[in-house]
Amino acid sequence: MHSTTRTHQREHDRRHKLLEHMLEERGVEVQARLKALREALPEQIGGVKDTDDQSLADFIQGMELALLELNADAASRIQDSLRRLEAGTYGRCCDCDEPIATARLKALPFAERCRACQELAEAQAGAQAAVRLALHVAASQG
């Protein structure tokens, strides 16, 4: 029994190290992208000469700010994942407590739900949005 427990613990430790390394690498990548976007943004804004240039500069600035926000969100979610890893809850679905597939975690290292629970959550969010839209339309009509 003890050798089974030790084997299980070694496997757990190995997975923990692998996931921690993967999260830290992804975090470094995201931080590098954030830094590059922050440094590039002022260059894009300067030197506008006419309204077409201003429109293009506004569009570029909006896109880069959106990318900056997405990357900042990803960085925050990776930090949350590292905290969950230390707490021993990383890699387990927050809804059903089943393990999240390693392939899913590699693709989306800050996943909090298994694929089935994520699909269910998205379907529920979509249904709620449809109800809100229907209520809004009904209220505006009368």
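Where a number appears in this text, it was derived from the coordinates with a stated rule and is not lab data. None of these values were measured; they are calculated from a predicted model. Cβ atoms come from the backbone with ideal geometry, glycine included; neighbour counts cover every protein chain shown.
What order do you get for 14-22, 109-117 when each peptide is scored by the mean count of other beta carbon atoms within 10 Å, highest first?
Ranking, from highest mean packing down: 109-117, 14-22.
So how do 87-94, 128-135 stack up, highest first, on mean other-Cβ count within 10 Å?
So the peptides 87-94, 128-135, ranked by packing, come out 87-94, 128-135.
How high is the relative contact order of the stretch 2-113, in percent, with contacts defined as C-alpha pairs under 8 Å that are six or more residues apart?
Reported as a whole number, the value is 28 percent.
Could you list the square roots of 5 times each eigenvalue of the Cα gyration tensor of the stretch 75-142, that is, the equivalent ellipsoid semi-axes, sorted largest first and rounded to whole Å?
Taking √(5λ) for each eigenvalue gives 33, 13, 10 Å, largest first.
If R₀ is 25 angstrom, what is the calculated FRET efficiency for the pair ALA66 and CYS94, using the beta carbon separation as r and rounding to 0.05?
The value I calculate is 0.40.
Rounded to the nearest 20 Debye, what is the dipole magnitude of the stretch 2-113 about its Cα centre when Lys and Arg each give +1 and Asp and Glu each give -1 at the C-beta?
Rounded to the nearest 20 debye, it is 880 debye.
The chain: Rg/Rh from Cα coordinates, Kirkwood Rh?
The Rg/Rh ratio comes out at 1.16.
Treating the angle as unsigned and between 0 and 90°, give the value, to the nearest 10°, between the Cα long axis of helix 51-87 and the longest Cα principal axis of the chain.
20
Would you calculate a helix-derived [θ] at 222 nm for the chain, using -39,500 (n - 2.57) for each DSSP H run of n ≥ 4 and dividing by the full residue count, to the nearest 500?
Mean residue ellipticity at 222 nm (helix-derived): -29000 deg cm²/dmol.
Relative contact order for the stretch 76-118 using alpha-carbon pairs under 8 Å, separation at least 6, rounded to a whole percent?
38
Would you mind calculating the gained length between ASP13 and ALA87 on full extension (0.36 nm times residue separation, minus the Cα-Cα distance), in nm to one decimal?
Value of the extension gain: 25.3 nm.
Can you work out the Karplus-derived ³J(HN,Hα) for every residue in the stretch 90-100? Use 6.51 cos²θ - 1.76 cosθ + 1.60 with θ = phi - 60°, whole Hz, and x for glycine or proline.
5, x, 10, 5, 6, 9, 9, 6, 7, x, 8
What angle, in degrees between 0 and 90 and rounded to the nearest 10, separates the Cα long axis of helix 115-141 from the longest principal axis of the Cα atoms of the chain?
On a 0 to 90 degree scale, this one is about 30.
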